[in-house]
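Colleague: Got a structure for you, questions after.
The values are calculated or read from the model by the stated rules, or taken from the named source; none is laboratory data. These numbers come from a predicted model, not from an experiment. Here the Cβ is made from the backbone with ideal geometry for all residues, glycine too, and neighbour counts use every protein chain on show.
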2 protein chains.
Amino acid sequence: MFRKKERHSDPLIRKLMKLVGKEHVLHRQADLVAYECDGFTLQRGKARAVVFPGETKEVSAVVRLLHRERVPFIARGAGTGLSGGATPLGGEVIISLVRMKKLLRVDLDNRTAVVQPGFVNLKLTQAISKDGYYYAPDPSSQYACTIGGNVAENAGGAHCLKYGVTTNHILGAEVVLPDGEVIRLGEDGIPDQPGYDLLGLITGSEGTLGVVTEITVRILKAPEGKQTILAYFDDVEDGSRAVSDIISAGIVPAALEMMDRTAIEGVEAANFPVGHPLDIEALLLIEVDGIEAGFQSEAEDIVDVCRKWNVREVKVAKDEQEAAAWWANRKTGFGAMGAISPDYLVQDGVIPRSRLPEVLNKIRAISQETGLRIANIFHAGDGNLHPLILFDAQKPGEKEKALQAGSRCLKACADAGGSITGEHGVGIEKKEEMRFIFTDEEIEAQTRIRSVFNPDNLLNPDKLFPQPGRCAEVKQEIKEQQGLKV
Amino acid sequence: MFRKKERHSDPLIRKLMKLVGKEHVLHRQADLVAYECDGFTLQRGKARAVVFPGETKEVSAVVRLLHRERVPFIARGAGTGLSGGATPLGGEVIISLVRMKKLLRVDLDNRTAVVQPGFVNLKLTQAISKDGYYYAPDPSSQYACTIGGNVAENAGGAHCLKYGVTTNHILGAEVVLPDGEVIRLGEDGIPDQPGYDLLGLITGSEGTLGVVTEITVRILKAPEGKQTILAYFDDVEDGSRAVSDIISAGIVPAALEMMDRTAIEGVEAANFPVGHPLDIEALLLIEVDGIEAGFQSEAEDIVDVCRKWNVREVKVAKDEQEAAAWWANRKTGFGAMGAISPDYLVQDGVIPRSRLPEVLNKIRAISQETGLRIANIFHAGDGNLHPLILFDAQKPGEKEKALQAGSRCLKACADAGGSITGEHGVGIEKKEEMRFIFTDEEIEAQTRIRSVFNPDNLLNPDKLFPQPGRCAEVKQEIKEQQGLKV
């Protein structure tokens, strides 16, 4: 007797196994459950399979196959995204890049590093800190998220106020286009490439234009030192005015974070309490860095500004341990909401700094009208709000109410001249809200760009943009234009 | 007797006059001569007319007319560009934006300003300096060049080492698309817009994607103070090593400029001599800024690094006047070549900082082989070289020899992992050199992007990209892709 060789009934799965090795393809329903969503858990879908290529050539071969067979597909990093960008809608093949996790090169002379897309964000800083360097973008998920995912989402972090978001730190990329062709964008260490800025276009495109398979990033010399300041306010407006005045004074803090009363209740009830008073209305957590003389004098100026705006208490961290405790308390803030609510939904809006008090009032009104508590944690320095809408999914209709409240918060941001996402992306979550900030024409201009790279819309389909209201017309127009050109 | 009303024989000119007013259209041959080229004077062409719209509506109306009548057109600022981006190739209508020169708004709270495209770069800093703010991008032509032109070229300047190029300072734009439609890109004061980064795409697109009619820029708080250091080296390699070591030490100077022996001969023979010795091989001019304690200690560190690399003499400016004199001497460096050569051609290549000595050797070899003197002035901190090729256009064949030498310098930069332009753009001058750094596929991906915005290639035709080698195939491919999509 001989055992019959196992052979999968789906010919596509067999072909994928041939390309990347049998052990690098998941296809059983039980295995696919983990890939039903990313960090945005309110919507789920079933993938057809998950493949784990080990190098660019395999990514290209897999993409060529899927393109040829007209099978939709999605690139995925660590799955920490918060807007459903890596969530399948049904039937997609997921290309997971977690096996491609090497740090390929570090060039201290030219201050660059080259990584594979599955390389974890925090590991880069860990690898170069002994030489006094670090990688600046620091999303809260940096211990898990990958640099490939960061590029897709143009990830930010608490320190993007001073150091910019991912796009400011990406110098080059190798990209597999949706037909399997491999191109290089940008040039290692060259700040301004001629031609169109395709590297900038790919960065933040939420996986709709190509699969990034290698990334050259800028690394920075670590600052000589830093100092953290903590300030408690009895009035949100006072806290907001202090934020504006700190920036107006010409200080660019490395980070400038704010939490409101409900958020403080959450973080103090969770894993990293530090004894914040529970009856204050706003807390500012501020980090300044640079050379000793510089940040010490900036810290003093910040204390003065807080006093001017009626701060109840303001203190400078007495040592690194205290500062680290304050930051751990803040950085785990989203998850901390679990301590005071069965479920929560995090939103991500941006507003001009000067409109903070007005928009916070609007969010308070939304909370009162819906009866849902809303906590606010935000990167106050660059006006990036994170309203956390607390709800109980067990109560009928509450999830829907929370989603609506989130959408209304975004509308409030858009109406104040802001935007619907600061760093979490649009994904599937905020497609319709794109209409708050873009006209039909502007959305069309963008979907035409997608068509250049991704003409069949096989790569991450139905993400990022709302369904066009006048789809047929647009297509006709494209056809006519091309007809004229050809 | 009554005078017959003057009526132009070209119906297009009459229509343009109707749209913007008769006095705002130039069409006589004598008037068009000034528009035959921009700052790149080696190639010239004849425009059909020049129109001067006074507001966005007029720009849109003019563009709609030209689009309808299939007449090619070019947007033009002050005409200070150095690669022929605003030069007509023959028959284009030039849309000059110099009448749209208002500073529309300044918002100190949110650190933004809104300008019309014809607003002159330096005037922005002049308008806000009383409040302690400035606009960072500072091309050498900043007393004349317009911010609209800066956006088109993604202009840099001596200070882009620390503060970034134009794209890092543009927050939003109003754009007239090549069919006359008006869209807004970016949102005032919002760092990371969702969707594709079309604003980044327009910036540096050299006037091939749309006509920018309003721009929101970031303004910065002026640094507390600054210091300038001047260092003379007997050996170019020593100077280059000093550059690398300054950067490796974690200092980010506001500017880090280098001149070689021939360049020094030129600037000392021209209008702003400051007594640089004529027998040194390299000069570094370095500016540090920030808070007093910070830049003074950085200046000391820089002096130490220069001493380590065998500097002949290094000095810190004793006052602002001395620093200003050193900078005037440097900033007029290109023009200064006129003092030692009848003609000169400026090139603009970029290389990784660490390859400086090697590429300078190659440029020296090109000089020896062609018999043409080449002076080097460059932004050493970010590896942006400006070889100045000295020649005499009266000598038969010398202009062509200079052009070839320039192209070979760019090839040397590209071969060292660099690029063919740092800040001057591609325009008509360097179209063919695009092949040094881009594959056919990469150029095609870019021309497809152009087709999205500019399908008929009426806006600034035949600039930026080389004629495709396999034009017919590409068009066929686009047609097929669109066929699949539609």
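Colleague: Among the listed residues B:Val252, B:Val314, B:Val274, identify the single one that is in a loop (DSSP other than H, G, I, E, B) and either of a type in the set (Asp, Glu) or over 26 Å from B:Ser367 (Cβ atoms) (or both).
Modeller: Sole residue among the options that is in a loop (DSSP other than H, G, I, E, B) and either of a type in the set (Asp, Glu) or over 26 Å from B:Ser367 (Cβ atoms) (or both): B:Val252.
Colleague: Restricting to the range B:402-427, name every residue that is touching a Phe, Trp or Tyr at 6+ places or on another chain (Cβ under 8 Å), surrounded by fewer than 23 Cβ atoms within 10 Å (Cβ to Cβ) and either of a type in the set (A, V, I, L, M, F, W, C) or within 11 Å of chain A (Cβ to nearest Cβ) (or both).
Modeller: B:Ala414
Colleague: Moving on to the next point. With B:Gly118, B:Gly164, B:Gly180 as the choices, which residue is more than 9 Å from chain A (Cβ to nearest Cβ), surrounded by fewer than 21 Cβ atoms within 10 Å (Cβ to Cβ) and either within 30 Å of A:Val426 (Cα to Cα) or without any contact (Cβ under 8 Å) to a residue 60 or more places away in the chain (or both)?
Modeller: B:Gly180
Colleague: Which is within 14 Å of chain B (Cβ to nearest Cβ) and farther than 24 Å from A:Tyr135 by Cβ, of A:Ile219, A:Ile202, A:Ile246?
Modeller: Criteria check complete, one pass: A:Ile246.
Colleague: For the range B:57-110, how many residues are touching a Phe, Trp or Tyr at 6+ places or on another chain (Cβ under 6 Å) and within 14 Å of chain A (Cβ to nearest Cβ)?
Modeller: Selection size over the range B:57-110: 3.
Colleague: Also, quick follow-up: For the range B:433-454, which residues satisfy the criterion of being under 21 Å from B:Leu198 (Cα atoms), in contact with a helix residue (DSSP H, G or I) (Cβ under 9 Å, 6 or more places away or on another chain) and touching a residue at least 12 places away in the same chain (Cβ under 8 Å)?
Modeller: B:Ile443, B:Glu444, B:Gln446, B:Thr447, B:Arg448, B:Ile449, B:Ser451, B:Phe453
Colleague: Also: So is A:Leu390 of a type outside the set (Lys, Arg) and part of a loop (DSSP other than H, G, I, E, B) or not?
Modeller: no
Colleague: Out of (1) crowded, with 20+ Cβ neighbours inside 10 Å; (2) in a loop (DSSP other than H, G, I, E, B); (3) at pLDDT 95 or above, what's the single condition that is false for A:Ala231?
Modeller: Failing condition for A:Ala231: (2).
Colleague: Say whether the condition of being of a type outside the set (A, V, I, L, M, F, W, C), free of Cβ contacts under 8 Å to residues at least 24 places away in the same chain and surrounded by fewer than 24 Cβ atoms within 10 Å (Cβ to Cβ) is met by at least one residue in the range B:211-221.
Modeller: No - not one qualifying residue is present in the range B:211-221.
Colleague: Still on this structure, please answer the following. Scan the range A:430-445 for residues that are away from chain B (no Cβ under 11 Å) and assigned to a loop (DSSP other than H, G, I, E, B) and jot them down.
Modeller: A:Glu432 - this is the single residue of the range A:430-445 that is away from chain B (no Cβ under 11 Å) and assigned to a loop (DSSP other than H, G, I, E, B).
Colleague: Can you tell me which condition B:Gly195 does not meet? The list is (1) out of contact with any Gly (no Cβ under 9 Å at 6 or more places or on another chain); (2) without any contact (Cβ under 8 Å) to a residue 24 or more places away in the chain; (3) not charged (D, E, K, R), and all the others hold.
Modeller: (1)
Colleague: Right, something else. Take the residues in the range A:348-369 that are touching a Pro at 6+ places or on another chain (Cβ under 8 Å) and not in a helix (DSSP H, G or I); name whichever of them is farthest from the other protein chains (Cβ to nearest Cβ).
Modeller: Of everything passing the filter in the range A:348-369, A:Gly349 is farthest from the other protein chains (Cβ to nearest Cβ).
Colleague: Residue under question is A:Ile478, and the condition is that it be more than 30 Å from A:Leu256 (Cβ to Cβ) and either within 11 Å of chain B (Cβ to nearest Cβ) or modelled with pLDDT under 90 (or both); does it hold?
Modeller: Considered against the rule, which asks whether it is more than 30 Å from A:Leu256 (Cβ to Cβ) and either within 11 Å of chain B (Cβ to nearest Cβ) or modelled with pLDDT under 90 (or both), A:Ile478 comes out as yes.
Colleague: Here is a follow-up. Looking only at helices (runs of 4 or more DSSP H) that lie completely in the range A:1-106, which have at least 3 residues being surrounded by 22 or more Cβ atoms within 10 Å (Cβ to Cβ)?
Modeller: In the range A:1-106, the matching helices (runs of 4 or more DSSP H) lie at A:56-68.
Colleague: Tell me, please, whether a residue that is in a helix (DSSP H, G or I) and either in contact with a helix residue (DSSP H, G or I) (Cβ under 6 Å, 6 or more places away or on another chain) or outside the structural domain of B:Arg76 (by TED's automatic domain parsing) (or both) can be found in the range B:172-182.
Modeller: no
Colleague: Residues being more than 14 Å from chain A (Cβ to nearest Cβ) and in contact with a Phe, Trp or Tyr (Cβ under 8 Å, 6 or more places away or on another chain): count how many of those fall in the range B:121-147.
Modeller: 7
Colleague: Just a yes or no: is a residue in the range A:388-402 within 17 Å of the chain's Cα centre (by Cα), in contact (Cβ under 8 Å) with a residue 24 or more places away in the chain and over 17 Å from A:Phe334 (Cα atoms)?
Modeller: The answer is no, given that none of the residues of the range A:388-402 is within 17 Å of the chain's Cα centre (by Cα), in contact (Cβ under 8 Å) with a residue 24 or more places away in the chain and over 17 Å from A:Phe334 (Cα atoms).
Colleague: Now, a different point. Name the residues in the range B:121-142 that are assigned to a loop (DSSP other than H, G, I, E, B) and surrounded by fewer than 17 Cβ atoms within 10 Å (Cβ to Cβ), would you?
Modeller: Passing the criteria: only B:Gly132.
Colleague: Ok, one more. Inspect the range A:281-292 for any residue being in contact with a strand residue (DSSP E or B) (Cβ under 8 Å, 6 or more places away or on another chain), in a helix (DSSP H, G or I), more than 24 Å from A:Leu385 (Cα to Cα) and touching a residue at least 60 places away in the same chain (Cβ under 8 Å) and give the result as yes or no.
Modeller: Yes, that holds for at least one residue.
Colleague: With B:Lys399, B:Lys430 as the choices, which residue is out of contact with any helix residue (DSSP H, G or I) (no Cβ under 6 Å at 6 or more places or on another chain) and crowded, with 18+ Cβ neighbours inside 10 Å?
Modeller: Exactly one of B:Lys399, B:Lys430 is out of contact with any helix residue (DSSP H, G or I) (no Cβ under 6 Å at 6 or more places or on another chain) and crowded, with 18+ Cβ neighbours inside 10 Å, namely B:Lys430.
Colleague: Considering each of A:Leu345, A:Leu385, A:Leu372 in turn, give the residue that is within 14 Å of chain B (Cβ to nearest Cβ) and either in contact with a Gly (Cβ under 7 Å, 6 or more places away or on another chain) or not in a helix (DSSP H, G or I) (or both).
Modeller: Exactly one residue qualifies, and that residue is A:Leu385.
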